[in-house]
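Okay, so here's the structure we're looking at.
The values are calculated or read from the model by the stated rules, or taken from the named source; none is laboratory data. Here the structure is a predicted model, which is why all the values come from computation and not from measurement. Cβ placement follows ideal geometry from the backbone for every residue including glycine, while neighbour counts extend to all protein chains displayed. Note: accessible area is taken over every heavy atom of the protein model, side chains too, but ligands, DNA and RNA are not part of it. Shrake-Rupley method; radii C 1.70, N 1.55, O 1.52, S 1.80 Å.
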Amino acid sequence: MTIQERIAALGQHVNEMKAANAAELEQLRIKYLAKKGEISQLYEEFRAIPKEEKAAIGAPLNRLKQLYESRLQELKEQIGSVAASAEVKEDLTRTPDPIVLGGRHPLSLVREEIVDIFSRIGFTVADGPEVEDDRHVFSLLNFAPEHPARDMQDTFFIEKTEGEQRETDVLLRTHTSSVQTRVMLNQKPPIRVLCPGRVYRNEAISARAHCFFHQVEGLYIDKNVSFADLREVLLYFAKEMFGEDTKIRLRPSYFPFTEPSAEMDISCDICGGKGCAFCKGTGWVEILGCGMVDPNVLEACGIDSKVYTGYAFGMGVERIANLKYRVKDLRLFSENDVRFLEQFESC
Ligand code: PHE
């Protein structure tokens, strides 16, 4: 092939050049335009051509070189824009996806609110084990040996000893009063503690009952503590928790560890006390149990009941949360459904 023919052939080829990436493009540049490339080779040969022929070949050769250079430039730009469009996914200037923050669990919110209200009047928080023994959950709290709360139907036993050796039975605590016995055994009055925590009872799971729930119990022991003190503290709590207009009423009740014992109702804040479906027409809803610590309990825990008196109260956190947030099905609290949880205050 003469040099003219080779220039013409290469000229027809130029648009067939394709490069998918920078490496392929470089291959093309080496093949045609680098020192040993085909076009550079033509320039080498061009030098040896007689002067009078040079004009006829030099111009097409220069054009050929320009054609290849501009085609390679074009390919370079294409590759560049493909690379750029691949980068769009990682564009650091775009608006970020919203960061989903975790929320506080409604039971945590309510527990913290209860603790906060009582801590303002000097209560501190005490903690204790969920796996307990009969002694701390029942015996020290004046439960008679055959008290039904010890029965298999209520308590989850982990190790149940045969015969009379009940005190060493290992079980899941049925109330956080067990933390109160631990505090009484280990501290001298004055004692002013709150015991929040999870408790377990052997109940069938339904919208209204669960085999575990949460409590906050309180204990105050000092000289001259009276039932009137208890009532004032509970009234303060009810107003702080449910609003200034809340009224309370105490109904006589029974717990083995308090004497006298009472259950406290608050005025129904849905109907304002007129009576509605929520309060079953009574105008009142029950929220906690309370009473004066039975002298037997004080003595069993090494506190002189002639010198000291005290009061105790205990409430279910789910119950308070129901009143605050109107959650109809208890099971929602432990299912961890984000659609439920994200309705509450986020972090
Ligand atoms: N411990 C009781 C319960 O689990 C509640 C309670 C606490 C009642 C303190 C009176 C005093 O139901």
Which ones in the stretch 129-150 are within 20 Å of Ile191 (Cβ to Cβ) and touching a strand residue (DSSP E or B) at 6+ places or on another chain (Cβ under 7 Å)?
Glu132, Val137
Members of the stretch 52-86 found to be at pLDDT 90 or above, open to solvent by 70 Å² or more (accessible area, probe 1.4 Å) and not charged (D, E, K, R), listed by number:
Asn62, Gln66, Leu67, Gln73
Taking into account only those residues within the stretch 94-126 that are surrounded by 12 or more Cβ atoms within 10 Å (Cβ to Cβ) and assigned to a loop (DSSP other than H, G, I, E, B), which is farthest from the chain's Cα centre (by Cα)?
Ile121
Evaluation of Glu164 against (1) in contact with a helix residue (DSSP H, G or I) (Cβ under 9 Å, 6 or more places away or on another chain); (2) at pLDDT below 90; (3) acidic (Asp, Glu) (one fails), failing number:
(1)
Given the criteria within 13 Å of the ligand (Cβ to nearest atom), polar (S, T, N, Q), in contact (Cβ under 8 Å) with a residue 24 or more places away in the chain and under 26 Å from Asn322 (Cα atoms), does Ser206 qualify?
no
Reported set for the stretch 144-188 where residues are among the polar types (S, T, N, Q) and more than 15 Å from the ligand (Cβ to nearest atom) is Gln153, Thr161, Gln165, Thr168, Asn186, Gln187
Could you run through the stretch 217-251 and say how many residues are crowded, with 16+ Cβ neighbours inside 10 Å and of a type in the set (S, T, N, Q)?
1
Would you say Arg208 is at pLDDT 95 or above, loosely packed, with under 14 Cβ neighbours inside 10 Å and assigned by TED's automatic domain parsing to the domain that holds Gly316?
no
Arg198 vs (1) at pLDDT 95 or above; (2) open to solvent by 40 Å² or more (accessible area, probe 1.4 Å); (3) farther than 26 Å from Leu330 by Cβ: all pass except (3)
Apart from one, (1) of a type outside the set (A, V, I, L, M, F, W, C); (2) closer than 30 Å to Leu194 by Cβ; (3) without any contact (Cβ under 8 Å) to a residue 12 or more places away in the chain all hold for Asp127; the odd one out is (3)
Residues being within 24 Å of Phe123 (Cα to Cα), among the polar types (S, T, N, Q) and surrounded by fewer than 18 Cβ atoms within 10 Å (Cβ to Cβ): count how many of those fall in the stretch 300-342.
1
Identify all residues within the stretch 229-277 that are among the basic types (Lys, Arg) and either part of a loop (DSSP other than H, G, I, E, B) or in contact (Cβ under 8 Å) with a residue 12 or more places away in the chain (or both); write none if there are none.
Arg231, Lys247, Arg249, Arg251, Lys274
Which residue is most open to solvent (accessible area, probe 1.4 Å), if the candidates are limited to the stretch 7-51 and must be more than 13 Å from Tyr68 (Cβ to Cβ), touching a residue at least 24 places away in the same chain (Cβ under 8 Å) and not hydrophobic (A, V, I, L, M, F, W, C)?
Lys18
Selection status of Val285, outside any loop (DSSP other than H, G, I, E, B) and either acidic (Asp, Glu) or in contact with an Asp or Glu (Cβ under 7 Å, 6 or more places away or on another chain) (or both)
yes
Selection count, the stretch 320-347, where residues are in contact with an Asp or Glu (Cβ under 8 Å, 6 or more places away or on another chain) and assigned to a helix (DSSP H, G or I)
2
Residues in the stretch 306-314: is at least one free of Cβ contacts under 8 Å to residues at least 12 places away in the same chain and within 18 Å of the chain's Cα centre (by Cα)?
no
Tally up the residues in the stretch 159-174 that are surrounded by fewer than 14 Cβ atoms within 10 Å (Cβ to Cβ) and in a loop (DSSP other than H, G, I, E, B), please.
5
Quick one: in the stretch 266-291, which of the residues that are closer than 27 Å to Val225 by Cβ and crowded, with 20+ Cβ neighbours inside 10 Å is nearest to the ligand (Cβ to nearest atom)?
Gly289
